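Everything below concerns the one structure shown next.
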Amino acid sequence: MPSLCFLKIIGKKATRTQVVLSVAIAAFGVICGILGTYSSLLSIADSY
């Protein structure tokens, strides 16, 4: 989230590199969140 907030604050003044890296960081965070949730759900399902 901080990377997306950074983009919102900076706005049009952000360089292309800053935009690409911020979006990549946000996407990585979303992917990690999805994989972590999936892993946790598998662990819960295996315990039953």
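Just so it is clear, none of the values below were taken in a lab; they were calculated from the coordinates. The structure displayed is predicted, hence computed values, not measured ones. Cβ placement follows ideal geometry from the backbone for every residue including glycine, while neighbour counts extend to all protein chains displayed.
Tell me which residues, restricted to the range 12-48, are among the β-branched types (V, I, T), assigned to a helix (DSSP H, G or I) and under 19 Å from M1 (Cα atoms).
T17, V19, V20, V23, I25, V30, I31, I34, T37
Applying the selection to the range 1-43, what residues are surrounded by fewer than 10 Cβ atoms within 10 Å (Cβ to Cβ) and touching a helix residue (DSSP H, G or I) at 6+ places or on another chain (Cβ under 7 Å)?
Those that are surrounded by fewer than 10 Cβ atoms within 10 Å (Cβ to Cβ) and touching a helix residue (DSSP H, G or I) at 6+ places or on another chain (Cβ under 7 Å): none in the range 1-43.
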